[in-house]
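Remarks on the structure that follows.
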Amino acid sequence: PYKELGFFGTPNKEMVFLQPTTCALLNVTDQPAFVVPTDDIEHIHFERVNPNGRNFDLKIIVKSNMAPNTPISDPLSINMIEQRYLNQIMGWLMDSSITYTQTDKTWNWKAVLSLVKEDERFYLDTDENGAKKPAGWAFLKMQDSDGEEEEEDDGESEFNASSVDEDDDETEESFAEDDESEEEEEDESDQEESGEDWDDLEKRAAEDDREKNKRDAVYEMEGEPRSKRRKS
C-alpha cells in the first residue's frame, strides 16, 4: 500500500483510513472490509467539490455496472473526504490510468447510468447525426461547466443591475440640477421683470410731471391763475 497516499473517508458507516495500492483501493483493518480492484473501476467522480468547502464525496463506477442486461445500481461511495486529500487522490488516479471528473453538485446516479447504458455511441465524440458531443464521462464535467457559466451570467446581471442603479442616480442628479437651473432662471427672470416695472414707474412719474408742468404752463399763458380755475 501507498501509505503516504492514504486518506480518511466513510465507505460504510464509520470513518476509516483507506489506502491506494498498485492494484486496489482498500481498507482491511476495519470491518466490514472495503476492497475495490483498480481493474474493476470504470470511472471515478468527485461530488460536492467546492474551493470553499471542507469535504467532498467520491463515487466509484465499476465496470460490472456498465455491462448489458444487468440491473442498474448506484456507484460505490466514499463520503466525507477532507478537501486536502483531493489532489493526491487525483494523482494516484492519473498514475493508474483511471479517468475521473468532478462537480460541485450531486447526481441521480441510477438515471445517469440508465442513459449511459442506452447510448450506443457513449464513448464517441459524435452522436448518430454526426454532431459533436462529449465523449464518454466528459459529459459530467460539461454539466459542471454549464453551472459555472450560469453563475457568471448571474454576476453580469448583478453588475448590469448595479450599473442601471448608478445610471438612475445620475439621471436623478441631472434632473435635480435641471430643476435648480430652472429655478435660478425664474428668479433672474422675476428680478428682470421687477427691474422693468420699476423703470416703467419712474418713466410714468416723469411723464406725469411733464404733463403737470404743461398744464401749469397753459394756465399761466391764459393769464388765469390755476387756483382760481380750481375754485370755479
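The values are calculated or read from the model by the stated rules, or taken from the named source; none is laboratory data. As the structure is a prediction and not an experimental result, all values here were calculated from the model. FYI the Cβ positions are ideal-geometry reconstructions off the backbone, even for glycines, and counts take in every protein chain you see. All accessible areas refer to the heavy atoms of the entire protein, side chains included, with ligands and DNA or RNA removed. Shrake-Rupley method; radii C 1.70, N 1.55, O 1.52, S 1.80 Å.
Count neighbours as other Cβ atoms within 10 Å of each site's Cβ, and list the trypsin sites (Lys or Arg not before Pro) in region 33-106 that are DSSP loop with at most 14 such neighbours.
Those that pass, being in a loop and sparsely packed, are 54, 105.
Using 7 Å Cα-to-Cβ label points, what is the residue 10/residue 66 separation (nm, one decimal)?
2.9
Taking every DSSP beta bridge with both residues inside region 1-108, roughly what % is antiparallel (nearest 5)?
Percent antiparallel among DSSP bridges in region 1-108 is about 90.
On average over all directions, what projected area in square nanometres does region 1-45 have, based on the convex hull of its Cα atoms?
The orientation-averaged projected area of the Cα hull of region 1-45 comes to 3.3 nm².
Report the accessible area of residue 94, computed with a 1.4 Å probe over the heavy atoms of all protein chains in place, in Å² rounded to the nearest 10.
About 130 Å², ignoring ligands and nucleic acids.
Hey, could you grab the Kirkwood Rh for region 1-132? Inverse mean 1/r over distinct alpha carbon pairs, Å, one decimal.
15.9
What order do 5, 58 take when sorted by accessible area (1.4 Å probe), most exposed first?
I get 5, 58, largest accessible area first.
Quick check for you: with a 1.4 Å probe and neighbouring chains kept, what is the accessible area per residue of region 10-141, in Å²?
Value for region 10-141: 57 Å² per residue.
Please identify the GluC sites (Glu not before Pro) of region 74-144 that satisfy two criteria: DSSP loop assignment and at most 12 other Cβ atoms within 10 Å. Which are they?
Filter output for region 74-144: 120, 128.
Counting only protein heavy atoms and a 1.4 Å probe, tell me what percentage of region 1-45's accessible area is made up of carbon and sulfur.
55
Probe 1.4 Å, all protein chains in place: accessible area of residue 126 in Å², nearest 10?
Roll a 1.4 Å probe over it and residue 126 shows about 30 Å².
What figure in square angstrom, to the nearest 10, would you give for the accessible area of residue 8 with a 1.4 Å probe?
90
Around residue 9, which amide H atoms from residues at least 5 apart in sequence, or from another chain, sit under 5 Å from its own amide H, with H modelled in the peptide plane?
16, 18
So, counting K/R as plus one and D/E as minus one, what does the shell of residues with Cβ under 10 Å around residue 134 add up to?
+2
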